[in-house]
Amino acid sequence: MDKLDPWGTSSIKDYSRLQTEFGIEPVAPLVSRFKKPSPHVRRGIDFGQRDLVRILDAVDHNKPYAVMSGIKPDGAFHLGNKMTADDIIYFQSLSKKAMVYYAIADVEAYADNGLSFAETSKTAVRNVADILALGLDPDHALVYKQSEEMRVMRMATVFSKGVTNNMLKAIYGERQIGLYLSALVQAGDILMPQLPELGGPKPVLVPVGADQDPHIRLSRDLAAKYDSEFGFFPPSAIYHRLELALTGGYKMSKRLPESGFTLDDSPTEAAKRVRSAFTGGRDTVEEQRRLGGRPQICPVYDLYPFHFAKDDEHVEKVYHECTKGIRLCGECKLEAVGLVKEFLEEHHRRRESLMKDAGELLTKSRNYLLATGK
Ligand code: SF4
């Protein structure tokens, strides 16, 4: 059985088994409900969901819904953070009634990485500038630090009375208490948009990597348990596939810096990582021409559909040329390097111009949440 560990680095080998073992439903039957499906939805990168239909219904009927996610401020924005950010921004764009709640998970960064709140505070502004540069609409977004949002902390305290050590152990395995606490805080983040002072119960979508499902299951269990008190909707989720590490084998992870690159890296540094990446290529040119490459195990291939391909035809072209032995890994990497450099140069320009806005969004959100928190 694939073990889903939100704090680990292992990859998932068989996504279809997540349906039978954890009850994650496929996105594919719902694709026709989207007027303009995102690249992630079209390409099957967003492969799984729970109760996504609630969000699609809210979009169709112009009803309010929230998109809730966050970032652990333990360093620069990574490609995995970009994956989630792309989904947040897409689901925000589907309706003017959508509100994004973006948590700076500084409690988790303290529990998991030992980073002080002072350290993570500086990182947070840069992380927020990154998501703004990727396209987040600040007029429909609230960004807050977990440690400063007392509602989240209070809910974690309430929830702590409703769970036992055995329940947490069944979901997460044997972990230190700090990680269990941060999981309860995350449940507070996920359910907070449904509190009365923030508009009351409503559908909430959480876009996450498949490895984060334990947090979704815990939040849904808690929503059911506290339904009579709060009237919570069980949170909905959309799950994306985990990108392969450039070093091969594992999922890309901030814990393994060489496994990917960040949006802080210079185009030259990122290009170096891509050039030296593991590939699904064969041992010799002759073999590759005869047998074709293996995009299913190739992290260079992942860069195209996950992030940098110009359109769907481009993805299909890379896949076709790879599997038919038309393209060799050297030229494939060269093309990927060009796309990565182009993206990073533009992203750096945009982010630098948005640093001030990022600080202002944090302050504006804090003031708003303080005003509603009385
Ligand atoms: Fe990967 Fe490209 Fe080589 Fe195919 S040709 S195995 S996609 S690097």
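The values are calculated or read from the model by the stated rules, or taken from the named source; none is laboratory data. All figures in this text were calculated on a predicted structure; none of them were measured in a lab. Positions of Cβ are backbone-derived with ideal geometry, glycine not excepted, and every protein chain shown enters the neighbour counts. Note: areas computed on protein heavy atoms with side chains; ligands, DNA, RNA excluded. Shrake-Rupley method; radii C 1.70, N 1.55, O 1.52, S 1.80 Å.
One chain, two ends: LEU256 and ARG349. Fully extended at 0.36 nm per residue, the span grows by 30.8 nm beyond their Cα-Cα distance.
In a fully extended conformation the segment linking LYS324 and GLU286 would gain 12.4 nm over its present Cα-Cα distance, using 0.36 nm per residue.
Cβ-Cβ distance of PHE278 and SER116, R₀ of 41 Å, FRET efficiency by 1/(1 + (r/R0)^6): the value works out to about 0.70.
The string of couplings for segment 140-148 from the Karplus curve (6.51, -1.76, 1.60, θ = phi - 60°) is 10, 8, 10, 10, 9, 8, 3, 5, 9 Hz, one whole number per residue in order, with x for Gly and Pro. Past 28 Å, Cα to Cα: identify those pairs from LYS97/LYS122; LYS63/LYS169; LYS36/LYS202; LYS272/LYS317; LYS82/LYS364, in the order given. Exceeds cut-off: LYS97/LYS122; LYS63/LYS169. Summing charges over neighbours of LYS341, with a neighbour being any other residue whose Cβ is under 14 Å away from its Cβ, gives -1 when K and R count +1 and D and E count -1. Surface composition of segment 95-233: carbon plus sulfur atoms contribute 56% of the solvent-accessible area (1.4 Å probe, protein chains only, all chains present). Taking a sphere under 13 Å around the Cβ of CYS298 and counting the other residues whose Cβ falls inside, with K and R at +1 and D and E at -1, yields a net charge of +1. Heavy-atom accessible surface of ILE297, to the nearest 10 Å², is about 70 Å², with a 1.4 Å probe and all protein chains retained. Here the dipole of the chain is about 280 debye; that uses its Cα centre as origin and unit charges on the Cβ of Lys and Arg (positive) and Asp and Glu (negative).
Calculate, for segment 266-374, the solvent-accessible area per residue in square angstrom, rolling a 1.4 angstrom probe over the heavy atoms of the protein chains. Walk me through the numbers on the way to the answer.
Numbers: 6040 Å² over 109 residues.
With all protein chains present, segment 266-374 gives 55 Å² per residue.
Computed in the context of the full set of protein chains, the accessible area of segment 252-306 at 1.4 Å probe radius has 52% of its extent on carbon or sulfur.
Just round it to a whole percent: the fraction of Cα-Cα distances in segment 107-167 exceeding 19 Å. Counting every Cα pair in segment 107-167, those more than 19 Å apart make up 50 percent.
What percentage of all Cα-Cα pairs in the chain are separated by more than 36 Å? Write down the numbers at each step before the final one.
Details: 14222 of 69751 pairs.
Considering the chain, 20 percent of its Cα-Cα pairs are separated by more than 36 Å.
Remark: segment 125-134, residue by residue, has Karplus-estimated 3J(HN,Hα) of 4, 5, 4, 5, 4, 4, 5, 5, 5, 7 Hz, where x stands for each Gly or Pro and the curve is 6.51 cos²θ - 1.76 cosθ + 1.60 at θ = phi - 60°.
Applying 1/(1 + (r/R0)^6) with R0 = 35 Å to the Cβ-Cβ distance of MET167 and ASP60, what FRET efficiency is obtained, to the nearest 0.05? Given R0 = 35 Å and the Cβ-Cβ separation, E is 0.45.
What is the extension gain from LYS356 to LYS341, computed as 0.36 nm multiplied by their sequence separation minus the C-alpha to C-alpha distance, in nm to one decimal? Working shown, then result.
Working: separation 15, 0.36 × 15 = 5.40 nm, distance 2.46 nm.
Gain in length upon complete extension: 2.9 nm.
According to the calculation over all Cα-Cα pairs in segment 257-352, the P(r) per 5 Å bin from zero is 2, 13, 25, 24, 17, 11, 5, 2, 1, 0 %.
For segment 134-167, the residues whose amide N sits under 20 Å from a probe point set 7 Å from the Cα of LYS96 along the beta carbon direction are 136-142. Residues whose amide H comes within less than 5 Å of that of VAL143, counting only those at least five positions distant or on another chain, are TYR102, SER365 (H built at 1.01 Å from N in the peptide plane).
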